[in-house]
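What follows is a single structure, written as structure tokens, with notes after it.
The values are calculated or read from the model by the stated rules, or taken from the named source; none is laboratory data. Since the model is a prediction, treat every value here as computed from it, not as a measurement. Cβ: placed from backbone, ideal geometry, glycine included. Neighbour counts: every protein chain shown. Remember, those area values only see protein heavy atoms, side chains included, never the ligands or the DNA or RNA. Shrake-Rupley method; radii C 1.70, N 1.55, O 1.52, S 1.80 Å.
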Amino acid sequence: GDVARGQQIFNMNCAACHAGGQNVIMPEKTLEKDALEKYLSGGRSEASVVTQVTYGKAAMPAFGGRLTDSEISDVASYVIQTSENGWK
Ligand code: HEM
């Protein structure tokens with residue numbers, strides 16, 4: 001996916017709860033590399049992020065129908081790439 005577009009989508013739809021790759025509702029479930037490996041259903045991959053964003057999980061809302069499949073793919077690429085580079 002398009003990481004630059006993914007960053008814009010993240011800032012508009014995800015940063016309310018995940019600013020700086022953190023998690024204001026469940027503080028241990030961050031978007032950092034180690035947390036994604038430990039907690040993300042399916043492990044740390046773009047496909048796993050796509051699934052969680054599409055369907056939601058617990059207190060995280062579903063974005064399927066609100067974001068297109070292409071937008072979800074782009075935001076997943078941004079999350080995985082930034083987890084590798086480190087959230088600033
Ligand atoms: C968990 C991504 C929007 C609340 C996660 C995780 C990812 C993620 C990858 C797994 C983190 C982990 O298990 O360590 C995103 C993306 C979003 C988004 C890309 C935008 C498209 C939001 C919003 C909220 C939210 C807006 C709050 C209203 C949560 C919560 C969890 C979570 C509570 C933990 C779920 C659980 O396992 O109980 N998010 N998120 N997320 N997110 Fe989001």
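Scan the stretch 49-73 and report the pairs whose first residue is part of a strand (DSSP E or B) and whose second residue is among the β-branched types (V, I, T), with Cβ atoms within less than 6 Å and a gap of 6+ or a chain change.
G64/T54
Which members of the stretch 55-88 meet the condition of being under 19 Å from I25 (Cβ atoms) and either among the hydroxyl-bearing types (S, T, Y) or open to solvent by 40 Å² or more (accessible area, probe 1.4 Å) (or both)?
Residues of the stretch 55-88 that are under 19 Å from I25 (Cβ atoms), as a first pass: 55-63, 66, 75, 79, 83, 87.
Those that are under 19 Å from I25 (Cβ atoms) and either among the hydroxyl-bearing types (S, T, Y) or open to solvent by 40 Å² or more (accessible area, probe 1.4 Å) (or both): Y55, K57, A58, A59, M60, P61, A62, R66, S83.
Taking the stretch 41-51 as the search range and keeping residues that are farther than 17 Å from Q7 by Cα and near the ligand (Cβ under 8 Å from one of its atoms), which one is least open to solvent (accessible area, probe 1.4 Å)?
For the stretch 41-51, the residue satisfying everything is S48.
Just name the residue that is farthest from the ligand (Cβ to nearest atom) out of those in the stretch 27-40 that are of a type outside the set (D, E, K, R) and open to solvent by 70 Å² or more (accessible area, probe 1.4 Å).
As a first pass, look at the stretch 27-40 and keep what is of a type outside the set (D, E, K, R): 27, 30-31, 35-36, 39-40.
Retained after the next criterion (residues that are open to solvent by 70 Å² or more (accessible area, probe 1.4 Å)): 27, 39.
On the way: P27: 10, Y39: 3 Å.
Filtering the stretch 27-40 for residues that are of a type outside the set (D, E, K, R) and open to solvent by 70 Å² or more (accessible area, probe 1.4 Å), the one farthest from the ligand (Cβ to nearest atom) comes out as P27.
Does the stretch 4-24 contain any residue that is among the β-branched types (V, I, T) and exposed (fewer than 12 other Cβ atoms within 10 Å of the Cβ)?
Keep residues of the stretch 4-24 that are among the β-branched types (V, I, T), which gives 9, 24.
When the remaining residues are screened for being exposed (fewer than 12 other Cβ atoms within 10 Å of the Cβ), the result is 24.
Looking through the stretch 4-24, at least one residue is among the β-branched types (V, I, T) and exposed (fewer than 12 other Cβ atoms within 10 Å of the Cβ).
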